[in-house]
Amino acid sequence: MTEDFTRLSDLDGPGEARSNVAELARLFPDAVVDGTVDLDVLRDLLGESGSPAGAEGFGLRWPGMSDARRLSTIPATMTLLPKPEESVAWESTKNIVIEGDNLEVLRLLRRAYTNSVDVIYIDPPYNTGNDFVYNDTINASSAEHETSAGLRDVDGILQVGAGSDRAGERRTGGSSHSKWLSMMYPRLLVAHHLLKETGVAIVAIDDTEHARLKLLLDRVFGAENFAANAVWQGSGKNDSRFTSGGLDYMLIYAKNKRLLVENDIRWKEPKRGYDLVVAAAERAWSASGGDSAVATQEFRKWWRSNPDTEKGLTNYSEIDDAGRAYRRSDLRSPNPRPNLQYEILHPVTRQPIQMHPNGWAYSRERMDALLAEGRILFGRDHTQTASYKRYLHETADQSIRPTVNQDRANASDAVASLLGPGVFDYPKDTGVIGRWVNAVCGGRRDAIVLDFFAGSGSTGHAVMELNASDGGTRRYVLVQLDEPIQKPGYETIAAITRERLRRAGEQIANSRHHEAEPMDCGFRSYRLADSNVRPWDGSGELDLLSAVDNLVAGRTTDDLLVEVMLRLGIDLVTPVGTREVAGSALYSVAGTLYAFFGTDVDVAAADQVAKAIVGWRDDEPVDSDITVVVRDTGFADSSAKLNLAEALKQAGINTFRSI
């Protein structure tokens with residue numbers, strides 16, 4: 001009798017159909033019988049919240065919607081192949097670039113990155129009428145769409161509505177919208193799993209699909225989690241018939257908006273020109289010789305040069321005796337409050353100063369503290385009211401503005417300077433992406449940022465620029481389809497993505513001060529491929545017993561380790577150690593996973609492997625459970641497999657898996 005090593009293909013992941021049923025069984029055991037959900041029972045248990053079958057409801061609908069939804073629940077069947085030769089700083093980097101269809105990649109990442117991502121930024125295809133390069137199996141042809149939509153009868157005859165000269169355009173348009181929505185829907189559903197509860201998704205779009213995308217995001221995230229509709233005004237066209245155009249949008253959703261409110265999360269950004277004002281105040285103070293009146297005069301002289309700053313900063317026009325720039329702020333209460341109506345004596349006349357009828361802005365206790373700090377400014381006598389002294393350094397940030405005025409030519413020029421002219425058209429602006437990523441993260445510097453429509457890699461570039469500006473350790477995960485492209489030196493857009501990140505990382509690293517802390521300017525490259533284990537049976541389950549050697553020709557044990565990490569839900573950049581044992585590599589993944597993929601392992605070799613694992617565990621102990629994964633067909637006989645399991649159990653290691 002052989003020891004049972006549970007196959008990785010038998011494990012379920014979050015969001016997959018089997019785990020969804022298991023979760024329902026946990027919550028409503030009466031509604032799940034033998035792994036099948038009784039929808040009538042489930043509706044009864046949900047009470048008035050359970051809609052009857054066939055009930056009409058409000059929301060976006062389109063032909064192919066149900067099929068698209070089911071795509072999000074299918075377990076991943078492929079794997080990622082590590083490509084160190086395409087990477088930069090493979091051993092140390094935490095950034096990831098993946099080439100391949102993003103739906104399957106998202107399904108692969110779901111186990112390791114569920115509830116892990118802080119920000120999703122995507123700039124998906126805008127559905128301009130061109131053929132889709134994302135060709136999921138359920139995306140309908142025009143004829144299939146027309147049948148689903150009731151435009152064709154049972155014999156396939158097109159029912160277009162006699163006399164309508166626009167029927168053809170409507171049919172084509174409806175098919176296009178349905179196909180685009182069916183492409184976006186499963187990807188957004190899986191991406192929703194990856195976001196933290198405090199996470200935020202930013203989706204760029206133009207006018208063509210803006211309305212439908214808003215309804216789609218309402219469905220995926222919940223309308224109650226809509227946060228903002230930012231508008232990006234680029235350069236318009238003066239010869240346009242109606243408006244100059246040039247608009248893009250960013251629809252922004254929180255995964256749990258209520259939680260952001262409870263945690264008092266506020267989206268802030270630096271005030272435009274703030275650094276200019278600070279520098280001007282410092283110059284004025286330095287030139288004044290420590291005289292606040294002279295410094296204020298010099299400062300106001302600089303303001304008259306009309307510097308390009310946020311309008312509100314112009315109020316900071318005085319410098320005090322400590323060289324600090326400040327403004328005078330109103331001290332009146334916005335509403336009548338009896339408890340805020342009290343006397344304040346002028347420091348010279350010792351008479352009560354003029355008070356607004358509503359009273360003061362602060363309580364008596366707070367006002368006394370401000371007086372002691374010198375934060376209350378008085379007029380020449382008690383006939384004038386007082387004001388609050390608000391320092392410039394206290395107002396560096398402001399609530400982020402929902403409008404962006406930025407010519408897109410700047411982004412094109414930046415990419416051209418890195419890669420040469422004409423390599424990639426219409427890239428996104430790294431400054432705009434970085435601004436919004438930083439804001440929705442609340443300024444957190446260790447965020448994980450995901451972009452699964454990576455294009456030229458603008459999001460990764462923006463993350464590196466943010467880290468360079470504030471010393472952050474933000475990470476990016478980029479996914480780009482292996483879409484062919486007719487550009488000299490580049491076979492796919494993904495190749496452009498990687499090359500841009502290489503050059504941008506090198507440029508940023510070289511521009512930093514030699515004493516600056518090292519930063520991550522590298523990335524790990526992976527490519528989507530069929531599983532390392534063969535063959536497939538077409539249902540997504542691996543047939544692991546069909547051959548003695550179940551590894552695809554040309555694949556390595558490093559390739560197999562990545563597949564194991566994905567199926568066990570381990571971050572791809574988790575540290576991995578390697579030791580040679582019994583003629584093959586023994587891997588330790590952060591001390592919590594040991595993997596050995598050797599073949600023809602007999603009893604003696606199994607004993608060596610067990611001793612090596614236990615010794616390594618004892619040398620580098622961890623506080624969590626340990627899992628051991630072996631190759632399913634790697635043992636010479638059942639005795640060797642049993643020997644390995646028993647030796648590990650005696651050492652307190654009880655979790656075994658096979659692939």
Inset, instruction - Quickly run through the stretch 365-420 and pick out the residues that are part of a helix (DSSP H, G or I) and of a type outside the set (A, V, I, L, M, F, W, C). - result: GLU365, ARG366, ASP368, GLU373, HIS393, GLU394, THR395, ASN410, SER412, ASP413, SER417
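So which strands (runs of 3 or more DSSP E) stay within the stretch 553-658 end to end and still have 2 or more residues that are over 28 Å from LEU80 (Cβ atoms) and under 34 Å from the mean Cα position of the chain (by Cα)?
Details: elements: 576-581, 584-589, 593-596, 627-630, 655-658.
Once the strands (runs of 3 or more DSSP E) in the stretch 553-658 are filtered for at least 2 residues that are over 28 Å from LEU80 (Cβ atoms) and under 34 Å from the mean Cα position of the chain (by Cα), nothing remains.
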Legend entry - Hits in the stretch 281-318 (condition: of a type in the set (Asp, Glu) and more than 44 Å from the chain's Cα centre (by Cα)): ASP291, GLU298
Inset, instruction - Within the stretch 1-42, work out how many residues are part of a strand (DSSP E or B) and either over 34 Å from the mean Cα position of the chain (by Cα) or over 30 Å from ASN550 (Cα atoms) (or both). - result: 4
Inset, instruction - Would you please list the contacts, defined by Cβ atoms under 8 Å and residues six or more apart or on different chains, that run from a residue in the stretch 504-516 that is β-branched (Val, Ile, Thr) to a residue that is surrounded by 10 or more Cβ atoms within 10 Å (Cβ to Cβ)? - result: ILE508/MET464; ILE508/GLU465; ILE508/ALA468; ILE508/MET519; ILE508/CYS521
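Can you name the residue in the stretch 82-100 that is among the acidic types (Asp, Glu) and surrounded by fewer than 19 Cβ atoms within 10 Å (Cβ to Cβ) and, of all such residues, is nearest to THR574 (Cα to Cα)?
In the first step, residues of the stretch 82-100 are kept if they are among the acidic types (Asp, Glu); the result is 85-86, 91, 99.
Now narrow it down to the ones that are surrounded by fewer than 19 Cβ atoms within 10 Å (Cβ to Cβ): 85, 91.
Numbers: GLU85: 19, GLU91: 10 Å.
Residue satisfying both the conditions and the ranking: GLU91.
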Legend entry - Odd one out for VAL576, checked against (1) surrounded by fewer than 20 Cβ atoms within 10 Å (Cβ to Cβ); (2) modelled with pLDDT of 95 or more; (3) out of contact with any strand residue (DSSP E or B) (no Cβ under 6 Å at 6 or more places or on another chain): (3)
Inset, instruction - Filter the stretch 212-232 down to residues that are among the polar types (S, T, N, Q) and surrounded by fewer than 18 Cβ atoms within 10 Å (Cβ to Cβ), then give me how many there are. - result: 1
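Could you count how many residues in the stretch 232-271 are basic (Lys, Arg) and more than 26 Å from GLY312 (Cα to Cα)? If you could, list the steps in order and put the result at the bottom.
So the first thing to find is which residues in the stretch 232-271 are basic (Lys, Arg), and the list is 237, 241, 255, 257-258, 266, 268, 271.
Next, only the ones that are more than 26 Å from GLY312 (Cα to Cα) stay: 237, 241, 255, 257-258.
Here the count works out to 5.
The values are calculated or read from the model by the stated rules, or taken from the named source; none is laboratory data. Since we're looking at a predicted model, the values are computed, not measured. FYI the Cβ positions are ideal-geometry reconstructions off the backbone, even for glycines, and counts take in every protein chain you see.
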